[in-house]
Amino acid sequence: MIIPRLNLYLLVITTVTGLLSSPSKSLRFELESGHTKCIAEDIKSNSMTVGKYSIVNPHDSQPLPESHKLTVRVTSSYGNSYHYSERVESGQFAFTAAEAGDYMACFWAVDHKPNATLTVDFDWKTGVAAKDWSKVAKKGSVDVMEMELKKLYDTVISIQEEMNYLREREDEMQDLNTSTNVKMAWLSFLSISVCLSVAGLQVWHLKTFFQKKKLI
């Protein structure tokens, strides 16, 4: 059975849309007073990233206790700071990564006596997932089909950039492996040379010793 081209496009778009529109689940973790927890995310350069965090209220009918405060810092692998908030209950950040590598979001709970355990909700999105497509559609006055096509196009571009990034990392690893193999070859050659030299000296010493004793 031959599927018409338009129906095929709709089938592809619907499939990808289902994958992209699946609800993202935020990360939830516990943090004790006076302790720090860091979460890393590998981000490509020029990629957009957004994050939201908040402390879960243990008692919905009451305000958060004074002990439930966070200090949050987001830094790159080069030590550059992209976000900092001190003694807050919730917050968010958004930036475009200027450098590729691991970005670290560190959460520190203020020291409090007696100790308290905080439950933190954290949602971190990068790349295509970081775009608010509903706002894009509203701003551009485009219909649903155009929005889905743009979403599909951006997804393909993101995959292509990810493949190029992985290819660059693979080239770096190959160069590192080649350099390591060359160094190991020289080390092996040096080790064999030393072993042969020591064996030759031992033979020469034994031969001289036996000649002095007139055993040979």
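The values are calculated or read from the model by the stated rules, or taken from the named source; none is laboratory data. All values reported here derive from a predicted model rather than from experimental measurement. All Cβ positions, even for glycine, are placed from backbone atoms using ideal geometry, and neighbour counts span all protein chains on display. Heavy atoms of the whole protein, side chains included, go into the accessibility calculation; ligands, DNA and RNA do not. Shrake-Rupley method; radii C 1.70, N 1.55, O 1.52, S 1.80 Å.
Here are the numbers for the structure shown:
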| item | result |
| --- | --- |
| Residue that is farthest from Glu161 (Cα to Cα) [pool: residues in the range 41-77 that are open to solvent by less than 60 Å² (accessible area, probe 1.4 Å) and of a type in the set (A, V, I, L, M)] | Leu64 |
| The range 159-180 residues that are assigned by the TED database to the domain that holds Asp42, paired with ones that are open to solvent by 80 Å² or more (accessible area, probe 1.4 Å) (beta carbon under 8 Å, 6 or more apart) | none |
| Residue match in the range 185-192 (condition: under 22 Å from the mean Cα position of the chain (by Cα) and without any contact (Cβ under 8 Å) to a residue 40 or more places away in the chain) | no |
| Residue ID - modelled with the lowest pLDDT, chosen from residues in the range 79-138 that are of a type in the set (Val, Ile, Thr) and open to solvent by 30 Å² or more (accessible area, probe 1.4 Å) | Val136 |
